[in-house]
There are 2 protein chains.
Amino acid sequence: MSFACDTCPVRDRAACSVLDESERQALAAAGRIRDIGRGDILFHAGDEMTACATLISGALKVTSIDPDGEERILALVHPSGFIGEMFQPFAQFDVVALTDSKLCTFSRANMDGAIERFPSLARALLRRSQEDLHRAHLLLQLTGKHSANEKVGSLLLAMAQAASDSPCHPAALFDLPLSRGEMANMLGLTIETVSRQLSRLEKSGIIRREGARGIALLDPARLRLSGISPAVGPIVSH
Amino acid sequence: MSFACDTCPVRDRAACSVLDESERQALAAAGRIRDIGRGDILFHAGDEMTACATLISGALKVTSIDPDGEERILALVHPSGFIGEMFQPFAQFDVVALTDSKLCTFSRANMDGAIERFPSLARALLRRSQEDLHRAHLLLQLTGKHSANEKVGSLLLAMAQAASDSPCHPAALFDLPLSRGEMANMLGLTIETVSRQLSRLEKSGIIRREGARGIALLDPARLRLSGISPAVGPIVSH
DNA sequence: CGGAGGTTTGACCACACTCAAGCTGCGTGG
DNA sequence: CCACGCAGCTTGAGTGTGGTCAAACCTCCG
């Protein structure tokens, strides 16, 4: 297991990166690598909350189903992100893989123990949790925008940032991890409206669509203007 | 200062309640009680983040101003709630008093020290932070609802819960801490639409308005139906 | 009493939703 | 290899809800 850590692609970005080598090994002994496929459900709302995990690769969505049966996407999780409601007996939300994903999972009991023993881990998780909160606030800002125009533009920009390695500049060419329906869902719009806005952006030469999921950013500056919102920032957790 | 703790109305709900008596006294020695008036700004986005605080009484709103100058309410804070982005050098958001409020403030340095020395405090803050995150998700659900109808209904219900002492049952008669503009803002609606929905609810006998801020809940059950959303839950932090 | 800020109500209009029809990409099987 | 089917996406036409603009109305305070 310590071998897994040695080659772990998120070893110096994940929560466990704050641990020293011996602490990390102790934690790793309790961790289990798990692979899940696109569409697989990691946690299901209402289930007993017996585990938590760090995402190693892939992408997840956090959703809830409201009473009338509508799904609602609350957050996206990207590699190095941490998933787990440590203080709730039952899961409040569904967590579903958007793409094939690899995780490092821990039983709730083991993680609770680790938090007790390694105060720096508690602080790292606190920091991460506050960052998640910040991202939720950014998403809230996004959904609060009035025009469909701005919403779609801002989301595209956020996805471009997330797809890019360099933290500041958006990727010029990337694949959306979300379907039209999922985008619509996040923005509080309908599939058709999202699709129409993308068409509009393409017609005005700001983007180009490459197949159903691919996006080429031709003119990020105008996206920022037409869609307003100078960088609502990365909405994804990583 | 330890005297202040003895009579503190939130002494067994706030983050510091996890400390034992000697720890609490050590923390209290670093705390300062502060009174602020309605509309006063506690933190201002962009300011250096040199302090954090527990709300003792009153109510706060957390807002951000997006580039086009629109305010957006991201969260409400009620007594025993904790405010402070512990890991950001600069404040990301404004924090403003909705009513006259009393706070127990700590310098950033002191709080960082306390977190180091008292691991249980770090855990308490982590828990609180995850609860805040949960509430942000609930608010996200609320703003995602399609009809203005549902949004206003759900918000009323949430405010009624927050105003009530008993955790489950909504208060039958209470004052809204928010102006129409602030409600509209939270829900992604306009002032006029919020006002119209309230009129509609009043006409159908579900609520009665008492002055500008007062609300009497005549028929919470129908509010829940007409506004749907079986208890989106308390959106306020406490 | 007067003024100001917040609230309510109305008339009108636009933007996004609904419904419905094609279209594209893709995997399966003949 | 093409035919088929399916799911997701795009596009169109018509409607309705909530936005915009504007005026009247409270309520609180000086």
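Numbers for the structure displayed
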{"quantity": "Residues of the range B:188-213 satisfying the condition of being part of a loop (DSSP other than H, G, I, E, B), surrounded by 15 or more Cβ atoms within 10 Å (Cβ to Cβ) and within 12 Å of DNA strand D (Cβ to nearest atom)", "calculated": "B:Gly188, B:Leu189, B:Thr190"}
{"quantity": "Residue match in the range B:81-99 (condition: modelled with pLDDT of 90 or more, open to solvent by less than 20 Å² (accessible area, probe 1.4 Å), in a strand (DSSP E or B) and closer than 18 Å to A:Leu126 by Cβ)", "calculated": "yes"}
{"quantity": "Within the range B:2-25, considering residues that are among the small types (Gly, Ala, Ser) and surrounded by fewer than 17 Cβ atoms within 10 Å (Cβ to Cβ), the one farthest from B:Thr105 (Cα to Cα)", "calculated": "B:Ser22"}
{"quantity": "Failed item in (1) open to solvent by 20 Å² or more (accessible area, probe 1.4 Å); (2) facing chain B (nearest Cβ under 10 Å), with A:Gly69 passing the rest", "calculated": "(2)"}
{"quantity": "From the options B:Ala75, B:Ala114, residue that is away from chain A (no Cβ under 11 Å) and not charged (D, E, K, R)", "calculated": "B:Ala114"}
{"quantity": "Some residue of the range A:45-57 being within 18 Å of B:Leu133 (Cα to Cα) and open to solvent by 20 Å² or more (accessible area, probe 1.4 Å)", "calculated": "yes"}
{"quantity": "Meets criteria (touching a residue at least 40 places away in the same chain (Cβ under 8 Å), open to solvent by less than 30 Å² (accessible area, probe 1.4 Å) and either in contact with a Ser or Thr (Cβ under 9 Å, 6 or more places away or on another chain) or within 16 Å of DNA strand C (Cβ to nearest atom) (or both)) for B:Ala216", "calculated": "yes"}
{"quantity": "Members of the range B:117-139 that are at the interface with chain A (Cβ under 7 Å from one of its Cβ atoms), open to solvent by 40 Å² or more (accessible area, probe 1.4 Å) and either among the aliphatic types (A, V, I, L, M) or out of contact with any helix residue (DSSP H, G or I) (no Cβ under 9 Å at 6 or more places or on another chain) (or both)", "calculated": "B:His134"}
{"quantity": "Residue within the range A:54-73 that is in the same structural domain as A:Arg123 (by TED's automatic domain parsing), in contact with a helix residue (DSSP H, G or I) (Cβ under 7 Å, 6 or more places away or on another chain), β-branched (Val, Ile, Thr) and more than 30 Å from B:Gly144 (Cβ to Cβ) present", "calculated": "no"}
{"quantity": "Near pairs, Cβ below 8 angstrom, 6+ apart or cross-chain, from the range B:81-96 (over 13 Å from B:Ala51 (Cβ atoms)) to any residue that is among the small types (Gly, Ala, Ser) and crowded, with 21+ Cβ neighbours inside 10 Å", "calculated": "B:Gly81/B:Ser237"}
{"quantity": "Top-ranked residue of the range B:143-187 - restricted to ones that are within 13 Å of DNA strand C (Cβ to nearest atom), in a loop (DSSP other than H, G, I, E, B) and touching a helix residue (DSSP H, G or I) at 6+ places or on another chain (Cβ under 8 Å), ranked as nearest to the other protein chains (Cβ to nearest Cβ)", "calculated": "B:Lys145"}
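The values are calculated or read from the model by the stated rules, or taken from the named source; none is laboratory data. The model shown is predicted, which means the values in this text are computed figures rather than measured ones. Don't worry about glycine lacking a Cβ; one is built from the backbone with ideal geometry, like all the others, and counts go over all protein chains shown. Surface accessibility is based on the protein's heavy atoms, side chains included, excluding ligands, DNA and RNA. Shrake-Rupley method; radii C 1.70, N 1.55, O 1.52, S 1.80 Å.
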